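All remarks here apply to the structure that follows.
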Amino acid sequence: MIDHIEDVESGDPNSKSGGHKVTSQKYDYLADYPIIKAFLAGSFSGTCSTVLFQPLDLVKTRLQNTPTKISVNGRHGAISMLSIFANIVQQDHIKGLWKGMVPSLARCVPGVGLYFCILDYTKFHYLKGKTPTALESVTMGFCARSLSGAILIPITVVKTRFESGVYDYNSLASALKQIYRTEGIRGMTCGLVPTLFRDAPFSGLYLMFYNQTKQLVSRDLLNSPYSSPIHFSCGLTAGILASIVTQPADVLKTKMQLYPNKFNNLWSVIVYVQGNYGIRGFFKGMVPRTLRRTLMAAMAWTVYEKISTKIGLK
């Protein structure tokens, strides 16, 4: 946050500022629209990271919804991240790796923008711009992601189904209409609980790890020309730790959104995954998801920090 009031020496000891006066450049929080700035900066960072790392999200979804064997070039082999990549390229060519891009952008761009907007608003109004503690970071991230995740859950459902290859929707709008017509509100919000169990803790833990890691770096380095790689490194560390903890919820979310008629509640999908795959089933797709979430979050925060500095949010 930039300083809102600049104190300078005043010759009037009776002034209301107690010997200081406010300059004519006093910062008006509402007049300067920092919330809009935070939303735009977050949306731009979300766009860059979503487009770049969409193939990893696609592979993760396919991994969580495939049997133990997969066919590539007519040969059957054990499923892996590379075999999924090869299978997608074989069937849909390189462009197939970006399947589901439209719903991904529709979800991530406003979602990331709203997330950063809420964080910036909370930091200014409740923390007065100070660095949050570990508990405050967890709480801020948890609340911000819960709100944005709940608002955008219908887009999340469509995104998952686009990426799975199970459903054949023509467009985002037609998918939303079809889901609402055939499944109602329940279909539009299926998987909300595991989605929040995945996203809210991830964001809370990520923000805590990110802020705590940044505190290990000197202020001079954070303000130096090397600030971007430092922010990116902090983001990588935070992303890896947060991704591992929240992976089981991501598996459950995918199953519930792909097969809403099969899984009526969270417990039924837990029993299914445990019975068919064991404990390992809760960590299917962990490698591509960890890579994607870690790199995406690290890049989003790096771009956001850079843009925020440029437009006067920091």
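For the stretch 269-314, name all the residues that are closer than 21 Å to residue 62 by Cβ, buried (at least 21 other Cβ atoms within 10 Å of the Cβ) and among the charged types (D, E, K, R). Once the filter is applied, which keeps residues that are closer than 21 Å to residue 62 by Cβ, buried (at least 21 other Cβ atoms within 10 Å of the Cβ) and among the charged types (D, E, K, R), the stretch 269-314 yields 284, 289, 292, 293.
Taking residues in the stretch 83-101 that are at positive phi, and partners anywhere that are of a type in the set (S, T, N, Q) and part of a helix (DSSP H, G or I), the pairs with Cβ atoms closer than 9 Å and at least 6 places apart or on different chains are 100/54; 100/61; 100/160; 100/164. For the stretch 232-268, residues that are closer than 20 Å to residue 62 by Cβ and either touching a residue at least 40 places away in the same chain (Cβ under 8 Å) or touching a strand residue (DSSP E or B) at 6+ places or on another chain (Cβ under 6 Å) (or both) total 14.
Each reported figure results from applying straightforward, stated rules to the coordinates on display, with no laboratory input. The shown structure was predicted, so the numbers you read here are calculated from the model rather than taken from an experiment. Note: ideal-geometry Cβ built from the backbone for every residue, glycine included; neighbour counts use all protein chains shown.
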